[in-house]
Amino acid sequence: MRKNIQPVILFFCLLISIFFLSFQPLKKALSPEGGSWHWQGESQEAIISFVDGYCAFTSYDQQHKKFDYTWGGPYKLEGTSIIIELQFHSRTKELAGTVFSFSVQFKNEQLIASFRGGDAANVWIQKDKGKAPLADIWRIAGRKQGDQLTEMQLGSRRTLKILSASRFQWAAINIETKEFFGTGGGSYRFENGKYIESIEFFSRDSSRVGASLSFDGKIENNEWHHSGLSSKGEPIYEIWKRIN
């Protein structure tokens, strides 16, 4: 009788091992390089990016050029949870400064979590792993007009750019007053000195969704120099610095 039980026990032990091995630790999924994940519904979609200890979430409808809402802030990992301290929330500014905890599973390059709110967890498909020359959290640090450079110090009001390996999002916020001024984002490419954005959402002007903008770009002295024409067709020369 004992001889018949042993193979059964070994079989179930093997099944349990396979089950737990299929779920990878969050720290392996999100540290150190992070990445971006995408959720797709019938008429709505959402993107969440984790880069260098900072995350940004946006819900939108690209097909109908509708921006829904966005939030973001620093995050840390604790066991199977992601703890996020919001610095901005476009829908409810009073949520800025509060802390949210999301229970998350990571399996086969997918995140299973309820970032969209409610009790139901959604499956998020990984878009990239965050490794790229521009993948970081950047802040606007200066603008050039001709030979004149206007430097911008880091203050409570700031414009951030959150870049993973293939996704970008800028957000204009005030971390002291909890104000949110605007955001835009989508996918990007950076190669051979050219930075090209494809806009998928824009909170201030939905007509810009679908546009593709090309800029000259270079990293010099650990600063990102960004020049070309804005979405309004105006010449720009911006200098961005890593915030960390």
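The values are calculated or read from the model by the stated rules, or taken from the named source; none is laboratory data. Only a predicted model underlies this, so the values are computations on that prediction, with no experimental measurement involved. Note: ideal-geometry Cβ built from the backbone for every residue, glycine included; neighbour counts use all protein chains shown. Ligands, DNA and RNA are stripped out before the accessible areas are found, and what is left, the full protein with its side chains, is counted by its heavy atoms. Shrake-Rupley method; radii C 1.70, N 1.55, O 1.52, S 1.80 Å.
Could you state the orientation-averaged shadow area of the convex hull built on the Cα atoms of segment 150-244, in nm² to one decimal?
Over every viewing direction, the Cα hull of segment 150-244 projects on average to 6.6 nm².
Heavy-atom accessible area of residue 237 with all protein chains present, probe 1.4 Å, nearest 10 Å²?
Its heavy atoms expose roughly 60 Å² to the probe.
Would you calculate, for the chain, the mean residue ellipticity at 222 nm contributed by helices, counting each DSSP H stretch of 4 or more residues as -39,500 (n - 2.57) and dividing by all residues, to the nearest 500?
Only helices count here, giving -3500 deg cm²/dmol.
Between residue 125 and residue 110, what is 0.36 nm times their sequence separation minus the Cα-Cα distance? Round to one decimal in nm.
4.9 nm
For the full complex of protein chains and a 1.4 angstrom probe, list 119, 68, 136 by accessible area with the highest value first.
119, 68, 136
Report the relative contact order of the chain, percent, no decimals, based on alpha-carbon pairs under 8 angstrom and at least 6 residues apart.
Computed value for the chain: 15 percent relative contact order.
Please list 61, 216 from largest to smallest accessible area, probe radius 1.4 Å, with all protein chains kept in place.
The residues order as 216, 61, largest area first.
In square angstrom, what is the accessible area per residue of segment 123-244 with a 1.4 angstrom probe?
51
How much of the accessible area of the chain, probe 1.4 Å, is carbon plus sulfur, in whole percent?
50
Grab every C-alpha pair in the chain, bin the distances at 5 angstrom width from 0 up to the longest one, and report whole percents.
Cα pair-distance distribution for the chain, in percent: 1, 6, 12, 17, 18, 16, 11, 7, 4, 3, 2, 2, 1, 1, 1, 0, 0, 0.
Under a point spin-label approximation (7 Å from Cα along Cα-to-Cβ), what is the residue 196-residue 152 distance to one decimal in nm?
According to this spin-label approximation, the distance is 2.6 nm.
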